[in-house]
Protein chains: 4
Amino acid sequence: MGDGIDGIDASQAAGKQAFATDVTVRFGDCDPAGIVFYPRYFEMFNNLVEDWCAQGLGASFRELHLERGLGLPTVHVETSFIAPSELGEVLRAELRVQKLGGASVTVSIRLAGLAGEDRVRASLALVMMDLKERRAVRIPEPLRSRIAAFA
Amino acid sequence: MGDGIDGIDASQAAGKQAFATDVTVRFGDCDPAGIVFYPRYFEMFNNLVEDWCAQGLGASFRELHLERGLGLPTVHVETSFIAPSELGEVLRAELRVQKLGGASVTVSIRLAGLAGEDRVRASLALVMMDLKERRAVRIPEPLRSRIAAFA
Amino acid sequence: MGDGIDGIDASQAAGKQAFATDVTVRFGDCDPAGIVFYPRYFEMFNNLVEDWCAQGLGASFRELHLERGLGLPTVHVETSFIAPSELGEVLRAELRVQKLGGASVTVSIRLAGLAGEDRVRASLALVMMDLKERRAVRIPEPLRSRIAAFA
Amino acid sequence: MGDGIDGIDASQAAGKQAFATDVTVRFGDCDPAGIVFYPRYFEMFNNLVEDWCAQGLGASFRELHLERGLGLPTVHVETSFIAPSELGEVLRAELRVQKLGGASVTVSIRLAGLAGEDRVRASLALVMMDLKERRAVRIPEPLRSRIAAFA
């Protein structure tokens, strides 16, 4: 495993500000074993990043994509599925900023069960893209400062 | 990034036997930017693992799950999204065995475009589980030997 | 088109009690045309039915499936996609009971935009199933009475 | 139920030309009851329509969307889920043209099990749209004639 995952632990130990929300495990998220089908966790991650942009950073995906021509694709992920989650459970989803580069930002994500126990831990590298020119661009202000507040 | 990804390169350089199939990028796989929505790649990975089990190892998910009470959940993934893929493209999906443990097997996956160029590279750790007792179990023979043939 | 859809209009005109919730259109719900990919509306419907069971009827899918061995599969749907919905929109989802049979319940669903305009209208027939015996069973009390309160 | 479903039976009795393909039920298609989660059937339908356009009509979604600015959204569906389908089953998917209008085409879809028995029957109304102007347009030749060959 990469050292990105260890990095998550370190940042959480340091008590950085997290963006957090609740996620309900839906019937459609679960597989024949009755637990979350793992690709669905990545949809939960993407929803979390969307909510963070809209509520935490003040720039919704709608605004970024449709008005400003900017995308925030995920270019690298490392994920550990530590314990299964079942139908109807409400998971706590937390996002922290691990690293802020010029065009990129690496976030750590943690999904936890009701007792606070780890279910999933992930590290996602996102890159700001000009959708028309299909190239990476520097994350503009004031978005950059707002992201930094989570790091 | 973890060194798992470097491990993929190494195993491919060594010319190990790969299980390969074609994957068409569907309308429903694509996002408003016209490219594959990244959680969909993990469904492609899971389909590839299913096909490998059924066609490459002679033990379908149906047989494993419904008849033998065995699951093969993914416990860790590392994935690099190297270049976007568009609606209607046919990707080459290749799976190789990186490491075979007692209850676990780590596979590397590569999705490539028509010209053979990298689109996605991933490393997945899978664990054989007794679904009833919800614990890891040693991968049984002759499945183990068949897996080893891809390593 | 079937007469089920006309039935929706009639029941709504009569002012029946609705179960309602809000649904955010996610990035992953949208297709390359930038609007909701229609199969995703059915996941929204299923989530709405889940929320109705848990919050409106006091019997969550988790309780029904895992504790009582009961499922509520959808056996028939009629849906009109009246106007497209875009990334980031918040839709109003309303569910009403159209018809309550012995083992079945037919609900009408309406998704509306911010100005209250129709986006999607649907009629879904659900049947209560004994999951072990795989046959329809009469909807038990007090679930039946609670469903009737929405009709 | 609407009379569209009866219409499907009639057209099939008359022996119209069908576009057909096979669909494997994937692990990710199945719910905790071990059967296909019904929204997934609509993804299968959309894949079938895509394959029909590309292979049956000679105009792929990619060509229509990216080169010609034309979309083919689904505006109305009626679907009966007759019998459940399980993990690993290979379903036969058939598409027939029920009705060809100016801008619209209504197709009937049937998914059948290995013994030819009905699993799902559906009727889908599709409309050709100019994606830029967001309005319905007459289905152009030679697409129209090719569609007519399936009616």
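Below, the figures for the structure above:
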quantity: Shortest-first distances to equivalent copies, position B:LYS132, nm, label 7 Å out along Cβ; calculated: 1.5, 6.3, 6.4
quantity: Shape category assigned to the protein assembly as shown from the gyration tensor of Cα positions, a/c cut at 1.5; calculated: rounded
quantity: Percent carbon-and-sulfur accessible area, the protein assembly as shown, ignoring ligands, DNA and RNA, probe 1.4 Å; calculated: 50
quantity: Amide hydrogen neighbours beyond the local backbone of B:ILE82, cut-off 5 Å, H modeled; calculated: B:VAL120, B:ARG121
quantity: Nonlocal amide H pairs with B:GLU89, under 5 Å, H built at 1.01 Å; calculated: B:VAL25
quantity: Spatially close lysines, pair count over the protein assembly as shown: Cα under 30 Å, gap of eight or more or interchain; calculated: 10
quantity: Inter-copy spacing of C:ARG144 label points, which lie 7 Å from Cα along Cα→Cβ, given in nm from shortest upward; calculated: 5.6, 5.6, 6.7
quantity: Nearest-first distances (nm) between copies at C:GLY102, label 7 Å from Cα via Cβ; calculated: 4.9, 5.5, 7.3
quantity: Inter-chain shielding of A:68-74 (mean C-beta neighbours from other protein chains, 10 Å cut-off); calculated: 3
quantity: In Hz, Karplus ³J(HN,Hα) per residue of region C:123-128 (6.51, -1.76, 1.60; θ = phi - 60°; x = Gly, Pro); calculated: 10, 10, 9, 10, 10, 7
quantity: Vicinal HN-Hα couplings computed from phi for region C:135-151 (Karplus, 6.51 cos²θ - 1.76 cosθ + 1.60; Hz; Gly/Pro x); calculated: 9, 5, 9, 4, 5, x, 6, x, 4, 4, 5, 5, 4, 4, 5, 9, 10
quantity: Karplus-derived HN-Hα couplings along region A:19-35 (A = 6.51, B = -1.76, C = 1.60, θ = phi - 60°), whole Hz, x at Gly and Pro; calculated: 9, 9, 8, 9, 10, 8, 7, 8, 3, x, 7, 9, 9, x, 7, x, 10
quantity: Directionally averaged projected area (convex hull, Cα atoms, region A:59-117), nm²; calculated: 5.8
quantity: Per residue accessible area in Å² of the protein assembly as shown, where ligands, DNA and RNA are left out and the probe is 1.4 Å; calculated: 39
quantity: Cα-based helix-to-principal-axis angle, B:38-51 vs chain B, degrees rounded to 10; calculated: 40
quantity: Interface A:B - total buried accessible surface [probe 1.4 Å, Å², rounded to 100]; calculated: 2200
quantity: Cα coordinate range in region B:70-151, projected on the principal axes (Å, largest first); calculated: 43, 25, 19
quantity: 5 angstrom amide H check on A:PHE150, placed H, neighbours 5+ away; calculated: none
quantity: Peptides ranked, highest mean first, by Cβ atoms within 10 Å: ranges C:64-71, C:37-44, A:131-138; calculated: C:37-44, C:64-71, A:131-138
quantity: Angle in degrees between helix C:4-13 and the longest Cα principal axis of chain C, rounded to the nearest 10; calculated: 90
quantity: Region D:31-73 versus region A:131-146: alpha-carbon centroid distance in Å; calculated: 34
quantity: Computed log₁₀ I(q)/I(0) - Debye formula, equal Cα scatterers, no solvent, region B:18-141, q 0.11, 0.18, 0.19, 0.23 Å⁻¹; calculated: -0.40, -0.95, -1.03, -1.33
quantity: Helix-only CD estimate at 222 nm, as mean residue ellipticity for chain C, using -39500 (n - 2.57) per DSSP H run (n ≥ 4); calculated: -6000 deg cm²/dmol
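The values are calculated or read from the model by the stated rules, or taken from the named source; none is laboratory data. The structure displayed is predicted, hence computed values, not measured ones. So basically every Cβ, Gly included, is an ideal-geometry build from the backbone, and we count neighbours across all protein chains shown. Areas reflect the complete protein model, heavy atoms only, side chains present, ligands, DNA and RNA absent. Shrake-Rupley method; radii C 1.70, N 1.55, O 1.52, S 1.80 Å.
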